[in-house]
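First comes the structure, then the notes that go with it.
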Amino acid sequence: MNDPKYTGQEFKVIGSRVKRPDGIDKVTGRARYGADMNAPGQLVALMLRSPHAHARIKKIDISKAEKLPGVKAVITAADLPDLTEGNAGLFDTLENSMARDRALYDGHAVAGVAAIDKSTAKKALKLIKVTYEKLPHVTDVDDALEDDAPIIQPRYATEGQHGNLINKGEFGQGDIDQGFAEADVIVERSYKTGQTHQGYIEPHACLASVSPDGTGELWVTTQGHYSYRNTCAQLLGMDIAKLKVTSSEIGGGFGGKTHVWMEPIALALSRKANRPVKMVMSREEVFKASGPTCSTSMEIKIGAKKDGTIVAARAECRYMNGAFPGMWGTLGGMTAFACYSIPNNKAIGVNVLCNRPKVAAYRAPSAPMMAFGVESTIDQLSKELGIDPVELRLKNVAREGTQAPYGPVWGPIGIEPTLEAVRDHPHMKAKLGKNQGRGVACGFWFNIGGQTCSDLNIGPDGTVNLTVGTIDVGGARASLAMIAAEELGITYEDVKVNIGDTSSLGHNDTTEGSRGTFSSGMAAIFAARKAVDVLKERAAKMWQIPVESVIWEDGSARANGKEHSNLSPLTLKDIAKKAGSTGGPIAGHHEATAEGAGVSFASHIVDVEVDPETGKTQILRYTVVQDAGKAIHPDYVEGQFQGAAAQGIGWALNEEYIYGKDGRLQNSGFLDYRIPVCSDLPSIDTKILEIPNPGHPYGIRGVGETSIVPPLGAIGNAVSNAVGVRMYEVPMSPPRILKALDEAGV
Amino acid sequence: MAGVHVTTTINSDPVEYVCPADESLMDVLRDRLGLMGVKEGCGTGDCGACSITLDGQLVCSCLVLGAEAEGRAITTVEGMADGQNLHPLQEQFINNAALQCGICTPGFLIAAKALLDENSDPTETEIRYALAGNLCRCTGYDKIVKAVQAAAKDLRK
Amino acid sequence: MEVFLSGSLVDSLNGLTSVEVEAKTIRELLTRLIDRYPRLEDHLEEGIAVAIDGTIIRDDWETPIPVGSEVFLFPRIIGG
C-alpha cells in the first residue's frame, strides 16, 4: 500500500486548474503573515547591530537602557549561555543570533531590547554603549584567501591550509589530465558572481511568548517551524515539546527562511520580561543580517574533440560562506556538470569565510553560479568548434544510465527532452534586430524528500481535513487538497488542508529543496489510502459482509460479487455519517521519510537587447522549458518556473551586494539593491514537460528551484551574441557592460 | 511626543485616531486600526506592499504621516470587495493564479485599481509601467499582468 | 561490495575514494565504515546521503542494499 513506485494511473483531479483555498484571504487582506499577529500585553523588540565589519566587543554597558521607563528587558550574549554541547553548527547559530566576543560582519546583532513601544525601544538602543576595537576585515572571496587576510573564525582554521578555507568538496570521474590531452579544443575561463539576496517581500517577523513555567509559543514566518522549534529550544534550554511554533502565512522564503535569525533573541527577551514580544526586521536588517547567497569566483576548463564530443571538464569554484561555514561549495561541486555526460570530469567547490552575513540557501543553492561558468564556457567552446550551441549540448547530454558526477546513475531524466523542446521551439526561429542576441543555457537541481507526516480526518458530513507539516509558500494547499481528493475519489472542494503547528503533528523537515508537494503529497496519498481501508471496513460492517468483498471506486464503497448485487454503493459521505455506530472517527495517518525525490532539469531561451550607449540590457523574450515529472496544478508549476526565471534574471543583470572599503554594505534597500520590476520583464513563456519520477506514485518531481539555474548563463550567452562581448562577471550591470564594450573597442 | 487627533474616512467609514506626529500612516493603519492588509515590505517606499489610495491617489502609506490623513479619504484592500462580492481584480487574481505567497497582493490590487480607474483599457506595457512601483518576488509578474487584463475586460462589460 | 565516496567525505577516509565493505542495509554499511574510519562520524551529524543503484536515500537507514548494487556516499543535500 505504501509503495512509492510510479504507476501511471489516470487522474480526475490532478492536472486541473482549481482555485487555491487561501486565495480569498490573500486578496482581501485577511491572511495573517509574520508581522500580522498581536498578543495582549505585547512588547516591541529591536536589535542593536554592529556598525563594523569586524570588531572585538570590549564592553557593552546596558545600564542606562535598562533604566529607561518602558524598557522591560535588555539582553546581550551574556544572557545566552552556550548550551550547544559541542554541536558546532548550533553554536554558529547562537553566535550569529548575537555576537559574543567579536562582531563578525556589518549588521551582526550585539544587543536586544524589549520595550512597551517602538519609540521607547529605539531610545533604549541609543542608550546602549558598546566599546568596540576595530579589527582588520575582508569581504571579497579571493581576498579572503590572501596571506595577509584576517582569519574570520580561528576555531575553524585547519593546519596546513589558509585559515579562511573551510573545506573542499570534490566530485567527478575519470582522469581529467588524460581527457584534456585527448581534446582538440580547450576553453579555459575565469568567472565571478556577486552576492545576491532571496529578496522575499516579507521581512522576518515573529511573536514570541515564554512563560516562567518553561512553556512557550512562537508565531513566525518560516519555511520550517519544526526546525525553528528544535533550534530555539536547544539554544534556550527549553523542552522541545513545550515550545509550540506556528508558521504564519509566509511572504516568500526561497531558502532564506530555513534558518533562525532573530527568533531565539525574541524568545529570550520574552522570557526575561515575562511578556509576549513582537520582533520584526526592517528591510535594512533583512539585507544585512539574514542569509543571502554566496558570491563566487571560479575557473572553468572544458575540452572537446573536433566533432564536439566533450572529453574533459574541470571546475573549481570558491564560495563565499559569510562569517560561518556551510556546505555551499559542496553543492556547487555536485551540480556543475550534472547536465552532461563527460567521461573525465572534476568539479571542486571550496568554502571560504569572509566578514559578511552567514549565507543561507537560495533556491537551488550554489547551482546558478557554477552553471554560469559552465554554460558560458560551453557556448564559447561551441563557437571555437563551429557547432551550434544547442546541438553541442545535445551531443553531450546526460541520459538515463549516465552516471552523475556525484555518483548515482540517472534513471529517466529530462535534460535531453528539454533541450530538444528548446531546439524545436518557435522562439529559436524568431528574427533578431540590431544589438539583439539570443542565448540558451541548461540547469539542474536535485530536489529532496525527507521526514514528513500528515493526518487526514474525515468529518461526520464526509468533508475532509488534511493536516500537513510543510508550509505553503506557493499554492501547496491547493495541490495537496487535489491529491487527497484524487485518492479518496471526492471533489477538491470537499478537502480542507491545514498547516499544523508543531504540537499537532510529528516532526516535519523544513520546506526546502522543492520537497513540499513531493513529500507531503506522498504522505497525503498514503494517509488517504489508509483512510480508504477504514472506509471499506466500515462499509463491510454496514452491509454485514466480509471486508474482502468491498472495493473502493470513484469515492464509493462497492460490494463485489453477484451475491451482493442488491447492495447499492455507499459513498464516502454515507459511510462518514454512520462512523459513530461503526467504530468511531475515520482517519488516516502517514509518518515516514520520503525518499525517491526525482531530479529536475531545465533549459531556457532568452533574447536580449543591449543598449551600447548606456550598457543596459533589456530582456525581450524568455522561454522556460522544465521537467515537472507530473504537474499537479499547472498554474502553480508555471508560476514556479516564471518566478525562478525572474530571480535568475535579476541576479544576471542587476542584483549584487556592494561593500565599501570599510567593509559595510552600501545598498541595503530595494532602491539600490534593485530586483526586477514588472516593466523590466516580458511575459515569461513556459513549457512543462512531464517525465514521470519513478520514485513517486504520481511521478511528481520538485519544481520550485531548477529554473533559477539557467538564466545567468543564458543571458551571458545572449549578451555575447548581441554585442560581441563576453561577460565574465555577474551581474552584467550597465557599468560592467560599458566597460567590456569599451575594452573590446566596440 | 504629543499625539495628533485625526478625523478621516477609511473605506467609506468615519474614523478617528490619535497618533504621534512622526508616525507613518502605514503604522497607524496596521497597529492602531488593525488594517493588516496594508503590508510592510521595506518602509522606504520602494516595494509598494503598503499601497493605499489617498483621495483617489495611489501612495505608499509608509511615506505618508498618519497626521496627514486629516479630512481625507483612504482606501485599503479591506475596502475593495462589496460585501460578499469580490472586486473583479480580486476575482481575477485568484482565477489567474496571480499570487503565490500573497504578501504583495494587496498592494498590487490597490495599484491595479488605481490604474483601471484612470484607464479602462490599458495595453500590456501600460500595465507593466503602472505596476512598476510594486515588487513581487514570486511570480515573475506574468500572471499578475494577465489578471489585470482579465479584470479590465470584466469591468468594461 | 565496493562503496564509492565523494566530496568532503573523502577526507575522513584518509583520501580514499572507494572502499570494500559488506553490508545488507545502510545502517550496517555506515556502522562498519565508522568502525574503520571514526572521522566519518562527524559527517553523520551533518547528514550523509546514499545512492543505491542510482536512487538517492537520505534518511531511511533500514533501506536494504541488494547484492551487487552500486553504492555511493556523498554529503546530504539541502535546498532553498
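Coordinate-derived values only; no laboratory data. Everything numeric here is computed off the predicted structure, so don't read it as measured data. Here Cβ is always computed from backbone atoms with ideal geometry, including for glycine, and neighbour counts include all displayed protein chains.
Starting from the Cα-Cα distance between A:GLU400 and A:THR491, subtract it from 0.36 nm times their residue separation and give me the gain in nm to one decimal. Walk me through the intermediate numbers first.
Details: separation 91, 0.36 × 91 = 32.76 nm, distance 3.70 nm.
29.1 nm is the gain from fully extending A:GLU400 to A:THR491.
Lysines within cross-link reach of A:LYS431: Cα-Cα under 22 Å, excluding same-chain residues under 8 positions apart?
List returned: A:LYS383, A:LYS616, A:LYS687.
Taking H as built 1.01 Å from N, whose amide H comes closer than 5 Å to the amide H of A:ALA157, not counting residues under 5 places away?
Long-range HN contacts for A:ALA157: none found.
Does a label point 7 Å from the Cα of A:LYS134, set along Cα-to-beta-carbon, have any residues of the stretch A:665-686 with amide nitrogen under 17 Å, and which are they?
A:665-666
Please report the relative contact order for chain B, taking Cα pairs under 8 Å with a sequence separation of at least 6, and give it as a percent rounded to a whole number. Mind dumping the intermediate values first?
Working: 292 pairs, mean separation 37.0, N = 157.
Once divided by the residue count of chain B, the mean separation gives 24 percent.
Label-point separation (nm) for A:ALA744 and A:LEU68, each offset 7 Å from Cα along Cα-to-Cβ?
So the label points at A:ALA744 and A:LEU68 sit 5.5 nm apart.
Contour minus end-to-end for B:LYS153 and B:GLU124, with contour as 0.36 nm per residue of separation and end-to-end as the Cα-Cα distance?
Working: separation 29, 0.36 × 29 = 10.44 nm, distance 1.28 nm.
My answer for the length gained is 9.2 nm.
What percent does the relative contact order of the stretch B:88-156 come to when contacts are Cα pairs within less than 8 Å and at least six residues apart? Can you show the working numbers first?
Details: 73 pairs, mean separation 36.7, N = 69.
It rounds to 53 percent for the stretch B:88-156.
Check which residues have an amide H placed less than 5 Å from A:ILE684's amide H, if you skip close sequence neighbours.
B:ASP142
So for the stretch A:342-452, taking the charge dipole from beta-carbon charges (+1 Lys/Arg, -1 Asp/Glu), which of A:SER366, A:ILE413, A:VAL390 sits furthest toward the positive end?
A:SER366
Beyond 17 Å, what percent of the Cα pairs of the stretch B:88-156 remain? Walk me through the intermediate numbers first.
On the way: 662 of 2346 pairs.
Looking at the stretch B:88-156, the distances longer than 17 Å represent 28 percent of pairs.
Mind listing the phi-derived Karplus ³J(HN,Hα) values for the stretch A:119-136, rounded to whole Hz, using 6.51, -1.76 and 1.60 with θ = phi - 60°, and x for any glycine or proline?
5, 5, 4, 4, 4, 5, 4, 5, 8, 7, 10, 9, 9, 9, 10, 5, 10, x
When only C-alpha pairs under 8 Å and at least 6 residues apart count, what is the relative contact order of chain A, in percent?
On the way: 1942 pairs, mean separation 119.5, N = 746.
It comes to 16 percent, rounded to a whole number.
Once the Cα gyration tensor of the stretch A:1-83 is found, what semi-axes does its equivalent ellipsoid get, as square roots of 5 times the eigenvalues, in whole Å, sorted largest first? Mind showing how you got there, number by number?
Details: eigenvalues 506, 108, 38 Å².
Output for the stretch A:1-83: semi-axes of 50, 23, 14 Å.
List, in order, the whole-Hz ³J(HN,Hα) value for each residue of the stretch A:311-316 obtained from phi through the Karplus relation with A = 6.51, B = -1.76, C = 1.60 and θ = phi - 60°; use x for Gly and Pro.
9, 8, 8, 9, 9, 9
Throw me the Rg/Rh for the protein assembly as shown, computed over C-alpha atoms with Kirkwood Rh, two decimals.
Details: Rg = 28.2 Å, Rh = 29.3 Å.
That ratio is 0.96, to two decimals.
What is the Cα radius of gyration of the stretch B:3-78 over 2.2 N^0.38 Å, N being its residue count?
Values: Rg = 10.9 Å, N = 76, 2.2 N^0.38 = 11.4 Å.
Against the compact-globule rule of thumb, the ratio is 0.95.
Put a dot 7 Å past each Cα toward the Cβ at B:LEU63 and B:HIS5; how far apart are the dots in nm?
3.2 nm
How about A:LYS242: which aspartates and glutamates have a C-alpha closer than 15 Å to its C-alpha, ignoring those fewer than 8 places off in the same chain?
Qualifying aspartates and glutamates at Cα under 15 Å: A:ASP213, A:GLU217, A:ASP501.
Only counting other Cβ atoms within 10 Å, I'd like A:ILE448, B:ILE110 sorted with the fewest neighbours first. Intermediate values should be presented prior to the final figure.
Details: A:ILE448 25, B:ILE110 29.
Arranged by neighbour count, lowest to highest, A:ILE448, B:ILE110 become A:ILE448, B:ILE110.
Sort the following peptides by mean Cβ neighbour count (other Cβ atoms within 10 Å, averaged over residues), highest first: A:239-250, B:97-108, B:41-52, A:78-89. If you can, show how the numbers build up before the last one.
Details: A:239-250: 19.4, B:97-108: 29.6, B:41-52: 24.8, A:78-89: 13.3.
Listed from highest to lowest mean packing, they are B:97-108, B:41-52, A:239-250, A:78-89.
Across chain B, how large is the tail of the calculated P(r) beyond 26 Å, expressed as a percent of all Cα pairs?
Details: 3048 of 12246 pairs.
Summing the P(r) of chain B above 26 Å gives 25 percent of all pairs.
So which of A:LYS118/A:LYS272; A:LYS168/A:LYS288; B:LYS113/B:LYS153; A:LYS536/A:LYS562 end up more than 20 Å apart by C-alpha? Don't skip to the end; give the middle numbers.
Values: A:LYS118/A:LYS272 18 Å; A:LYS168/A:LYS288 27 Å; B:LYS113/B:LYS153 13 Å; A:LYS536/A:LYS562 18 Å.
Among A:LYS118/A:LYS272; A:LYS168/A:LYS288; B:LYS113/B:LYS153; A:LYS536/A:LYS562, the Cα-Cα distance tops 20 Å for A:LYS168/A:LYS288.
³J(HN,Hα) across the stretch B:63-74 via Karplus (A = 6.51, B = -1.76, C = 1.60, θ = phi - 60°), whole Hz, x for Gly/Pro?
Coupling constants for the stretch B:63-74: 9, 10, 7, x, 5, 6, 7, 3, x, 10, 10, 10 Hz.
Treat each spin label as a single point 7 Å out from the Cα along the C-beta direction, and report the A:ARG100 to A:LEU671 distance in nm.
3.9 nm
Amide H neighbours of A:ARG49 under 5 Å, at least 5 residues apart or on other chains, H built in the peptide plane: list them.
Distant-sequence amide H within range of A:ARG49: A:VAL110.
Can you give me the Kirkwood hydrodynamic radius for chain C, using every pair of distinct Cα atoms, in Å to one decimal? Before the final figure, lay out each step's value.
Details: mean 1/r = 0.0801 Å⁻¹.
That comes to 12.5 Å for chain C.
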